[in-house]
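Chemist: Got a structure here, written out as structure tokens. Questions coming.
Just so it is clear, none of the values below were taken in a lab; they were calculated from the coordinates. Please read all numbers here as calculations on a predicted model, not as lab measurements. Cβ sites come from the backbone with ideal geometry, for glycine too, and all protein chains shown count toward neighbours.
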Amino acid sequence: MVLKTKQTNKLQKATLLIAEKVLATQNLNELFKAIHGIVNTLMPAKNFYIALYDKSKNIISFPYSADKDESIPESKPFGKGLTEYVLKTKKSLLATPSIFRQLIEDNVVELIGKPSIDWLGVPLGTEKDIIGVLAVQSYDNNLRYTKHHLKILEFVSTQIALAIQRKRDEEKLRLLSRAIQQNPASVIITDLNGTIEYVNPKFSEITGYSFQEAIGANPRILKSGKQPPKFYRNLWNTILSGKEWRGEFENRKKNGSLFWEYGHIAPVINEKGEITNFVAVKEDITERKKVEQLAQKRLQELAESRVALLNMLDDANQARTKAETAQQELENANKTLTQLNQQAQRTMRDLEATQHDLKLALDAAEESDRLKSEFLANTSHELRTPLNSIIGFLQLLRDKLYESPEEEQEFITNAIESSRQLLQKINDVLDIAKIQAEEIKVDPTNISVMDILDEILLLKHSVAREKNLILEYHLKNNQDFDIFIDRQKIKQIMQNLVSNAIKFTTEGRIDLFAQAYPKLGFGEIIVQDTGIGIPRGKQKNIFNAFVQGDGTSSRKFGGTGLGLSITKGLTELMGGTIQMESEGIGKGTRVRLTFPLEDLRKTK
Amino acid sequence: MIRALLIEDHLYNRSLLTTVLERKGGFSVIACEDYNQILTICQNDQVDMVLLDISLDNIYHQGQPVDGLEICKAIKSNPNDIPVILLSAHALPKDKNTFLKMCGAQEYITKPILDHDEFIQTIREVLKESL
């Protein structure tokens, strides 16, 4: 009787100890080890294992085993071992050699692993929910397990199952807590009144409000006033009715700067179905917004340039109408002439001349019509090319097809760079259109060539030095002279030519030569480089804006874009000429400009 | 895996198309801008199809600049011709038929490409038809 009481005391102490170990251990594995230690104080348990059953996958895992005589796998499918038998029957089992033989004969278990002498296993958990099996076994005739041992294990099994279950819950809870703490999105939890109870570090990183500053505050500290009250009413109505709300905010950081967020806000509902809290998960989308706004702006500019081009087409149509009217008049004149034919030999000759002139006028009108259609088609081509990469990269960003944050940045940069290219093309096209419509005003005065060259050197020498290129000018006989020209336009022309020379020269020099030819009435400026030159096949078309010699081919564009044709247009507008020469690829390039020395309109 | 040869001289479009073909279509992509190399790649059956821009700025043959139509004609003059898809920003209504007739390509896609999935689908259909 005394013995029995002693035994009971010992068992009760052991169960208390197991309960304590739930708190005293760091993880499941440590808990298993502690349980093994405790069982070892109650009975010999050298060969000991714990099996857990995963119902959903129908797998048995062995997270803890101490067995010197048999290696136990980490996990295996549900089979016909003794462990599975205990799981199935939900009853503890003492398998002595004779019982084991009987079970094999009945074909309810199979021999798995090394045969033991006695095998003792108890189910862990309640009748309803068995989570696994705890088993000890002996391979030695000196150690035989009895009903007494079975009773001991049954006594402690409930507490062990409870301990394992608690530890598992605790580990799951810790994982969830870390997931929120380290989440790449900002997470805010509030109570029902909206008072903040928790924010994660990402929230502080984005908004500038520390954890201490945020707790107890209301999320309206982020309000920027950019969203109307109706927006917030709708948000509250949605989440108070138990539904999830999604949307974009423009909010204010602690330092006052604005930023864009995309957020999900959802109620947190407890087991009774009551709302206890709200949780918001938000992502900083400021960069994406910037790209969207930029693309929007570029599209608008594109639409405006389209209107300008349509106006040009109108002009061409009017020219054609005029030509048709003129032809009508010619036909009338023809009729009259036939009546007077016999007496008007000389008039006849005049008429033929007039007819010839009109034919030329009509041809010119048709040619101008054709050039303008072609200009329109090619403008469309030029603008679509960068537009393709803008739209393309924005789609890649939308579909999140990047593989790293760096690549995401690269896609954004590519879209922005392509947008810049598009804007440059639009500006160039507008310049060309203005030049062709003769809408650009020039205001020529007498200007010193040396002044112009000094200014260009000042602007460009640092760029040239960066590429280790020599940039110099040479006045013939050191003699400065005046040319009659618009100051802004000659600067634009010279800057464009010198920039091109620097761009296409990798080593050597860029020389500017100037000389006056007073008897011929013009001054000459030459830009000469030692760069890559121009292939012979391309020299003919280098100044053309889009238009090709015969107009029937696929309309290849000049490699330097529209810059050179703007230069040519401006030069000719001021009574100048421009020519480009190169011996071919690798032989350098030489551009020759001439300008009038004085006001030609005065001398006329 | 479908192997595509990409001939496109605009830096950002080349990078874009390579990414779309690889990630959306699962293709392997070779990009090339050398006339002789392009023809060698096609003759040696190193690719299953060619995606070809028309307006090219930096490809030369015997010192003369060549465009995509001339490259397409050269590819098609081989006995083992492979499908060619033209990819161009020329967008007049008549352009598609004119250019297809001029060079014998299988398909013509106008830039900007608005739907990447549809773009990949078009390429797959061309390949299916030319089997």
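Chemist: Determine, from the Cβ-Cβ distance of A:Thr276 and B:Lys24 and an R0 of 51 Å, the FRET efficiency 1/(1 + (r/R0)^6), rounded to the nearest 0.05. Don't jump to the answer; show the numbers that get you there.
Modeler: On the way: r = 44 Å, r/R0 = 0.87.
E between A:Thr276 and B:Lys24, to the nearest 0.05, is 0.70.
Chemist: Give me the inter-chain shielding for A:375-388: mean count of other chain Cβ atoms within 10 Å, whole number please. Can you show the working numbers first?
Modeler: Working: counts 0, 1, 4, 3, 0, 4, 9, 2, 2, 7, 11, 6, 3, 13.
Average neighbour count from other chains, rounded to a whole number: 5.
Chemist: Counting only other chains, what is the mean number of Cβ atoms within 10 angstrom of the Cβ of each residue in peptide B:49-55? Each step should come with its number before you reach the end.
Modeler: On the way: counts 0, 0, 0, 0, 1, 4, 8.
Taking all residues of B:49-55 together, the mean is 2.
Chemist: Pull up all non-local amide H partners of B:Ala31: gap of 5 or more, or a different chain, and H-to-H distance under 5 Å with H placed in the peptide plane.
Modeler: Amide H to amide H, under 5 Å and 5 or more residues apart or across chains, B:Ala31 pairs with B:Leu6.
Chemist: If you filter the stretch A:39-99 for GluC sites (Glu not before Pro), then keep DSSP loop positions with at most 16 other Cβ within 10 Å, what is left? Don't skip to the answer; put the middle values down first.
Modeler: Numbers: sites: A:Glu70, A:Glu74, A:Glu84; in loops: A:Glu70, A:Glu74.
Within the stretch A:39-99, the qualifying GluC sites (Glu not before Pro) (loop, at most 16 other Cβ atoms within 10 Å) are A:Glu70, A:Glu74.
Chemist: For B:Leu87, which sequence-distant residues (separation of 5 or more, or a different chain) have an amide H within less than 5 Å of its own amide H, given hydrogens modelled in the peptide plane?
Modeler: Those lying under 5 Å, H to H, from B:Leu87 are B:Leu52, B:Asp53, B:Ile54, B:Ile109.
Chemist: Can you give the FRET efficiency for A:Glu572 and A:Asp350, using 1/(1 + (r/R0)^6), R0 = 41 Å, r = Cβ-Cβ distance, to the nearest 0.05?
Modeler: Working: r = 34 Å, r/R0 = 0.84.
Rounded to the nearest 0.05, the efficiency is 0.75.
Chemist: Can you grab the distance from the C-alpha centre of the stretch B:84-131 to the C-alpha centre of the stretch A:35-67, Å, no decimals?
Modeler: So the two Cα centres are separated by 67 Å.
Chemist: No other cysteine beta carbon under 4.7 Å away is the test; run it over chain B and list who passes.
Modeler: B:Cys32, B:Cys42
Chemist: Hey, another quick one. In the stretch A:231-268, which GluC sites (Glu not before Pro) fall in coil by DSSP and have 13 or fewer other Cβ atoms within 10 Å?
Modeler: Values: sites: A:Glu244, A:Glu248, A:Glu250, A:Glu261; in loops: A:Glu244.
Answer in residue order: A:Glu244.
Chemist: Say the dipole of the stretch A:411-475 comes from +1 at the beta carbon of Lys and Arg and -1 at that of Asp and Glu; which of A:Leu423, A:Val449, A:Gln436 then lies farthest toward its positive end?
Modeler: Result: A:Leu423, furthest along the dipole toward the positive end.
Chemist: Turning to a different aspect of this structure: Which aspartates and glutamates have a Cα lying under 17 Å from the Cα of A:Lys13, excluding residues fewer than 8 positions away in the same chain?
Modeler: Those aspartates and glutamates meeting the cut-off are A:Glu154.
Chemist: Now for a separate question. With axes computed from alpha carbons, what is the tilt in degrees of helix A:28-42 against the longest principal axis of chain A, rounded to the nearest 10 within 0 to 90?
Modeler: Its long axis makes an angle of about 10 degrees.
Chemist: Of the lysine pairs in chain B, how many meet both conditions: Cα atoms under 20 Å apart, and a spacing of 8 or more in sequence or different chains?
Modeler: Final tally of qualifying lysine pairs is 11.
Chemist: Now a separate question. Lys and Arg at +1, Asp and Glu at -1: add these up for the other residues within a Cβ distance under 9 Å of A:Glu382 and post the number. Intermediate values should be presented prior to the final figure.
Modeler: Values: positive: A:Arg384, A:Lys425; negative: A:Asp428.
In short, +1.
Chemist: What value, in deg cm²/dmol to 500, does the helix sum -39500 (n - 2.57) over DSSP H runs of n ≥ 4 give at 222 nm once divided by the residues of chain A?
Modeler: Details: 16 runs with 307 residues, N = 604.
Helix contribution divided over all residues of chain A: -17500 deg cm²/dmol.
Chemist: If you take every residue apart from A:Ala185 with its C-beta less than 9 Å away from the C-beta of A:Ala185, what net charge results, scoring Lys and Arg +1 and Asp and Glu -1? Working shown, then result.
Modeler: Values: positive: A:Lys202, A:Lys282; negative: A:Glu283, A:Asp284.
Computed value for this residue: 0.
Chemist: Within the stretch A:67-131, how many Lys pairs sit with Cα atoms under 17 Å apart, leaving out pairs fewer than 8 places apart on the same chain?
Modeler: 10
Chemist: Take A:Ser368 and A:Ala303, extend 7 Å from each Cα along the Cα→Cβ direction, and tell me the distance between the two endpoints in nm.
Modeler: Here the answer is 3.1 nm between the modelled labels.
Chemist: Apply the Karplus parameterisation 6.51 cos²θ - 1.76 cosθ + 1.60, with θ equal to phi minus 60°, to every residue of the stretch A:406-418 and state each ³J(HN,Hα) to the nearest whole Hz, in sequence, with x for glycine and proline.
Modeler: Along the stretch A:406-418, the couplings run 5, 5, 4, 4, 4, 4, 5, 4, 4, 5, 5, 4, 5 Hz.
Chemist: Skipping prolines and chain starts, which residues have an amide H placed within reach, meaning under 5 Å, of the one on B:His61, given they are 5 or more residues away or on another chain?
Modeler: It is B:Val66, by chain and number.
Chemist: Also: Among A:Thr385, A:Ala34, A:Val463, which residue has its Cα positioned farthest towards the positive end of the charge dipole of the protein assembly as shown, with +1 placed on the Cβ of Lys and Arg, -1 on the Cβ of Asp and Glu, and the dipole taken about the Cα centre?
Modeler: A:Ala34
Chemist: What nm distance separates the two modelled labels at A:Val268 and A:Leu423, each placed 7 Å from Cα along Cα→Cβ?
Modeler: Using points 7 Å along Cα→Cβ, the separation is 4.6 nm.
Chemist: Grab the beta carbon distance between A:Glu324 and A:Lys441, set R0 = 41 Å, and tell me the FRET efficiency rounded to 0.05.
Modeler: Working: r = 32 Å, r/R0 = 0.78.
That gives a FRET efficiency of 0.80.
Chemist: Using the Karplus equation 6.51 cos²θ - 1.76 cosθ + 1.60 (θ = phi - 60°), what ³J(HN,Hα) coupling, rounded to whole Hz, does each residue of the stretch B:81-95 give in order, writing x for Gly and Pro?
Modeler: 6, 10, x, 10, 10, 7, 10, 8, 8, 6, 10, 5, x, 7, 4
Chemist: While we're looking at this one, here's another question. Take A:Ser98, A:Ser186 and order them by how many other Cβ atoms sit within 10 Å, fewest up front.
Modeler: Fewest to most other Cβ atoms nearby, the residues stand as A:Ser98, A:Ser186.
Chemist: Label A:Ala179 and A:Lys253 with points 7 Å out from Cα along Cα→Cβ: what is the distance between them in nm?
Modeler: Roughly 2.9 nm, to one decimal.
Chemist: Can you put B:Asp53, A:Asp363, A:Asp118, A:Asp511 in order of Cβ neighbours within 10 angstrom, beginning with the fewest? Kindly include the intermediate steps, with their values, before the conclusion.
Modeler: On the way: B:Asp53 24, A:Asp363 11, A:Asp118 21, A:Asp511 17.
Going from sparsest to densest Cβ surroundings: A:Asp363, A:Asp511, A:Asp118, B:Asp53.
Chemist: Further, regarding this structure: Check each of the trypsin sites (Lys or Arg not before Pro) in the stretch A:61-127 and keep only those in coil by DSSP with at most 10 other C-beta atoms within 10 angstrom; list them in order.
Modeler: Details: sites: A:Lys68, A:Lys80, A:Lys88, A:Lys90, A:Lys91, A:Arg101; in loops: A:Lys68, A:Lys80, A:Lys90, A:Lys91.
Listed in order of number, the matching sites are A:Lys68.
Chemist: Could you give the angle, 0 to 90 degrees to the nearest 10, between helix A:345-398's Cα long axis and the longest principal axis of the Cα atoms of chain A?
Modeler: Around 20 degrees separate the two axes.
Chemist: Shielding of A:400-409 by partners, i.e. mean partner chain Cβ atoms within 10 Å per residue? Working shown, then result.
Modeler: Working: counts 0, 6, 2, 2, 0, 0, 0, 1, 0, 0.
Partner-chain Cβ atoms within 10 Å, mean over residues of A:400-409: 1.
Chemist: Using Cα atoms only, what is the angle between the long axis of helix A:286-339 and the major principal axis of chain A, expressed in degrees (0 to 90) to the nearest 10?
Modeler: 30
Chemist: For A:Lys441, go through the aspartates and glutamates and keep the ones whose alpha-carbon is under 15 Å away, minus same-chain ones fewer than eight residues off.
Modeler: A:Asp431, A:Asp486, A:Glu572
Chemist: What does the charge dipole of chain B about its Cα centre add up to, to the nearest 20 debye, if the Cβ of each Lys and Arg holds +1 and the Cβ of each Asp and Glu holds -1?
Modeler: Details: 12 positive and 19 negative charges, 43 e Å.
Around 200 debye, computed over chain B.
Chemist: How large is the dipole of chain A about the Cα centre if only Lys and Arg carry +1 and Asp and Glu carry -1, each at its Cβ, rounded to the nearest 20 debye? Please report the intermediate quantities before stating the final value.
Modeler: Details: 83 positive and 79 negative charges, 562 e Å.
Dipole of chain A, to the nearest 20 debye: 2700 debye.
Chemist: Same structure again: Explain nothing, just compute: Karplus ³J(HN,Hα) = 6.51 cos²θ - 1.76 cosθ + 1.60, θ = phi - 60°, for every residue of the stretch A:480-493 in order, whole Hz, x for Gly and Pro.
Modeler: Result, rounded to whole Hz: 6, 8, 9, 10, 9, 7, 7, 4, 4, 6, 5, 5, 4, 4.
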